[in-house]
Structure formats: structure tokens, C-alpha cells
1. What lysines sit close enough to LYS58 to cross-link, taking a C-alpha to C-alpha distance under 29 Å and skipping anything fewer than 8 places away on the same chain?
2. Separation between the ARG159 and CYS61 pseudo-spin-labels, each 7 Å from Cα along Cα→Cβ, expressed in nm?
3. Lys and Arg at +1, Asp and Glu at -1: add these up for the other residues within a Cβ distance under 12 Å of LEU224 and post the number.
4. Using only Cα atoms, locate the centre of segment 130-183 and the centre of segment 195-266, then give the distance between them in Å, rounded to an integer.
5. Would you mind getting the Kirkwood hydrodynamic radius of segment 49-117 from its Cα pairs, rounded to one decimal in Å?
6. Tell me which of ILE26, GLY7, TYR51 sits at the most positive position along the dipole axis of segment 1-73, charges placed on C-beta atoms (Lys, Arg +1; Asp, Glu -1).
7. Counting other beta carbons within 10 Å of each Cβ, put LEU120, LEU257, LEU219, LEU24 in order, fewest first.
8. Which value, in debye to the nearest 20, gives the size of the charge dipole of segment 114-153 about its Cα centre, when Lys and Arg are +1 and Asp and Glu are -1 at the Cβ?
Amino acid sequence: MMRARTGFGVSEIFITHWHADHYLGIIGLLQTLTFNGRLEPLTIFGPDAVYEIVEDIKRICRTRFSFPVEAVRVRPGQQYDFKGFVIRICGADHGIPAVGYCFIENQRPGRFNREEAIALGVKPGPLFGKLQRGESVTVQVHGGEEQIIMPQQVLGPQRSGRKVLYTGDTRLNIDNVLDSGVGVDLLIHDATFDNEQEERAREFFHATAGDAGTCARELNARMLALFHISSRYTQTALHKRDAADEFSGDIIIPDDLDMTEIPFHD
């Protein structure tokens, strides 16, 4: 977070499963937030055992936090609403209770028809902005009579927001992500092994790059990001090839701190 210069304004943490390499960093983060004098609550979302783990973390820190640390247990099928987006919980197949998370932006207003607004008597300026935000406006027409202009008179059909699905560590798991992930803009999928290590992937409850490509194809994803690649590999060309055998869309294998732009559908 310091290298990325994001600041420490995080308000929620979403954990996919309770293998130690996926949550031990929380301990140092909480210590840092207390050192910085944070007062706002921080909520840790996670599958079964989240309450026990959060209490364990508090004991390990051996300090009194300057802010409340809260725990929320999540289960597949649940949805949590935030300002401008929702987080939907998906199941994962990792040998222990595990989940994935789908970030779904709220729908956006339709395209604004400037010419139609002017024809209805709306003058360019602040009233345009109100209509674009979904608010009605009042204008004066010929003879001084007032008329209410509704947003739907000058806005096209609502447009979809963006959708990002993060599987967490999992074997191929299409059935559990179909409800949330169809049409996903970015699928971030476990690709611990290449296809040559398929048996090992199944044994350790992970996916191959080919599995990730299959999932991306079935979800009609626009972009696939392969992550959690085993340290046994010094290069990832085979991973990308295996995924591309199943999925014809964009495939990326990002490094830490890489940034990827996710455009709107339109």
C-alpha cells in the first residue's frame, strides 16, 4: 500500500479463505492504522471462522486499537451493498471454507439527449446536470407557464456498470460463479499450475491456466487475469498458451502494482 501510494483509507477487507499466507498481513496493517491514529471502524469480511480469526489477530497484536475492528461472516449467494456498487459472494472449491467476490457497479444513467432537452425548454447549464443525475427540473415555457421535465424524457436506457470477479484460490468452479460472473469485464482467476500439472492442481485444490481459460469462456468474460502462479515457474508463457487454448479474449498475467484500465461497455 505504501509503494502504491494508495494511503490507508481502507474501510473493508475481504478475505477469501483462512490459509495464513492470505491474511497474516492484516496484523501489520492494523498496527499501522493504530499508529496513525485511525478512529473509523474497519470491517473484515470472510468465510467460516472469521470471528475466531479476528479475535486471534487482536490477541497477536498485543495492543489496544484506536478504532473498532469488526467481523462479518460471508456465505455464497449473499450480497452487500455499498455506495455505487455491490459485492456478491461466490462459492470456491479449495478444500476448506472459501469464497470468491464479485464487484458489480450500479447501473449508470442512459445517454443524455442534449438536443431533446433544449427542445423541451431546458437551457444548457446546471439543469442539464440535474437531469443527468436523475433529478426532475422545472422550466418556464411560452407564456411563463411552468413545466416539469422528467429525466426519462431526455435520457436513454440505463447502462450497465463494470463487473470484476475475483475467484480466490479454487479448483475449476464454474457452477458457483455463474450467477454472479456472466458477462464479467475482468475475471481474476487462480492459475497456480500450467496444464502439465493438472493432477497436482486437483490434489491441492487449485486451478490450471486452462481451467481459468475455460471459466472465462463460459462466463463470456471480456478480460482474464491469471494470478497465484506457483513459484516453481520462472516464466509464464505456457500459462498464457494454456489459457488461450480455451479463451479467445484478452489475457494478462499482471505483476504486483500493475494497473489495468477497465472500460465501460459503451
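1. LYS83
2. With each label placed 7 Å out from Cα toward Cβ, I get 4.2 nm.
3. Neighbour charge sum, excluding LEU224 itself: -4.
4. Centre-to-centre (Cα) distance: 30 Å.
5. Details: mean 1/r = 0.0636 Å⁻¹.
Across segment 49-117, the inverse of the average 1/r is 15.7 Å.
6. Checked the options; the winner is GLY7.
7. LEU257, LEU24, LEU120, LEU219
8. Dipole magnitude for segment 114-153 comes out near 180 debye.
Rule-based calculations on the coordinates, nothing more; no lab input. Just so we're clear, the structure is a prediction, and the values are computed from it rather than from any experiment. So basically every Cβ, Gly included, is an ideal-geometry build from the backbone, and we count neighbours across all protein chains shown.
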